Amino acid sequence: MKRINWKEKLGWGEEHIEDLRLAGYAYIRQGKYDIALTFFDALCVLEPESAYDTQTLGALYVQLGRPKEALAYLDRALKMDADHAPTLINLSKALIMLGKKQEGLKLARILSKEKDPSVSNIARALILAYEE
């Protein structure tokens with residue numbers, strides 16, 4: 001079955017997509033993850049090859065405590081961009097939430113060596129919080 005190109009059907013251009021993305025981020029900044037989820041879900045339909053939007057959707061599911069849904073989107077995002085450290089951090093969190101603590105911590109240990117402190121610090125915090 002052929003995928004429908006919803007951007008084309010709606011007559012939307014990149015400016016419409018960017019407006020949708022900015023609105024979603026506005027809700028993220030307000031901590032309204034459930035509302036932001038709707039925007040990023042739509043973005044993943046409109047731009048199914050966007051690793052960025054897909055990983056953001058996965059991160060939102062992590063924030064909402066829904067690790068199974070998060071895992072599906074994070075895996076999909078990693079197929080598009082295998083070395084994206086923020087996606088890997090969220091994957092680590094989702095694995096821990098799913099009871100796969102050792103697997104999540106193993107990934108966190110790898111990420112704790114990242115040069116980017118926004119990644120390595122979160123990874124270290126996960127290790128401190130969950131390692132026995």
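The values are calculated or read from the model by the stated rules, or taken from the named source; none is laboratory data. This is a predicted model, so every value here is computed, not measured. Virtual Cβ from ideal backbone geometry, glycine too; neighbours counted across all protein chains shown.
Return only the number of the condition from (1) crowded, with 21+ Cβ neighbours inside 10 Å; (2) in contact with a Lys or Arg (Cβ under 7 Å, 6 or more places away or on another chain); (3) over 17 Å from A129 (Cα atoms) that V62 does not satisfy.
V62 satisfies every listed condition except (3).
Just checking, does region 55-78 include any residue being within 30 Å of W12 (Cα to Cα) and acidic (D, E)? Walk me through how you get there before you give the answer.
Just the residues of region 55-78 that are within 30 Å of W12 (Cα to Cα), to begin with: 55-64, 69-78.
Next, from what is left, pick out any that are acidic (D, E): 69, 75.
The answer is yes, given that some residue of region 55-78 is within 30 Å of W12 (Cα to Cα) and acidic (D, E).
Taking interchain pairs and intrachain pairs at least six residues apart, which have beta carbon atoms under 6 angstrom, with the first residue in region 65-78 and under 15 Å from I89 (Cα atoms) and the second modelled with pLDDT of 95 or more and aromatic (F, W, Y)?
A70/Y61
Given the options E49, E15, name the one that is at pLDDT below 95 and not in a helix (DSSP H, G or I). Let's see the steps before the verdict.
Working: E15 fails: not in a helix (DSSP H, G or I).
None of the others qualify; the one that does is E49.
When only residues in region 118-132 that are of a type in the set (S, T, Y) and surrounded by 13 or more Cβ atoms within 10 Å (Cβ to Cβ) count, which is nearest to the chain's Cα centre (by Cα)?
Our first condition is that a residue be of a type in the set (S, T, Y); within region 118-132, this holds for 118, 120, 130.
Checking which are surrounded by 13 or more Cβ atoms within 10 Å (Cβ to Cβ) leaves us with 120, 130.
Values: S120: 17, Y130: 21 Å.
Only one residue tops the list, namely S120.
I'm checking my understanding of the structure. Among residues of region 1-32 that are surrounded by 10 or more Cβ atoms within 10 Å (Cβ to Cβ) and basic (K, R), which one is nearest to the chain's Cα centre (by Cα)?
By that ranking, first place goes to R21.
If we scan region 72-84, do we find a residue that is surrounded by 18 or more Cβ atoms within 10 Å (Cβ to Cβ), within 18 Å of I28 (Cα to Cα) and not β-branched (V, I, T)?
Checked against the condition, which is being surrounded by 18 or more Cβ atoms within 10 Å (Cβ to Cβ), within 18 Å of I28 (Cα to Cα) and not β-branched (V, I, T), region 72-84 yields at least one hit.
Do you know which of the residues in region 96-132 that are in a helix (DSSP H, G or I) and among the small types (G, A, S) is modelled with the lowest pLDDT?
Going residue by residue through region 96-132, those that are in a helix (DSSP H, G or I) are 96-97, 101-111, 117-130.
Those still in the list that are among the small types (G, A, S) too: 104, 108, 118, 120, 123, 125, 129.
Working: G104: 97, A108: 97, S118: 93, S120: 96, A123: 97, A125: 97, A129: 96.
The selected residue is S118.
Could you list, in sequence order, all residues of region 52-83 that are over 25 Å from N5 (Cβ atoms) and at pLDDT below 95?
A82, D83
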